[in-house]
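Shown next, in structure tokens, is the structure this report addresses.
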Amino acid sequence: MNDTTSTVSRCDATTCRFNSDMKCEAGQIEVSLSGQQAQCLTFSPADDAQGQRPVAQQ
């Protein structure tokens, strides 16, 4: 496993609860590579089942 870290400079997942003005506010994220595309495994929809914005846990 590669333990290299970096900074997320921009998040285009506008429907993710951790996205605030194109910036990721998650305490940490996990990313996988599928083919030639990175996928954020931390993605969580902005609205829960009751239509409420959940509180991010860090």
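Readers should treat all values here as calculations from the given coordinates under stated rules, not as data from a laboratory. Remember, it's a predicted structure, so these values are computed and weren't measured experimentally. For neighbour counting, all protein chains shown are included, and Cβ atoms are generated from backbone atoms with ideal geometry for every residue, glycine included.
Summary of computed values
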| read-out | value |
| --- | --- |
| Residue-count net charge about residue 38 - beta-carbon cut-off 12 Å; Lys, Arg +1, Asp, Glu -1 | -2 |
| Residue-by-residue Karplus 3J(HN,Hα) for the stretch 5-21, coefficients 6.51, -1.76, 1.60, Hz, glycine and proline x | 10, 8, 9, 7, 8, 7, 10, 8, 7, 5, 9, 8, 5, 8, 8, 10, 6 |
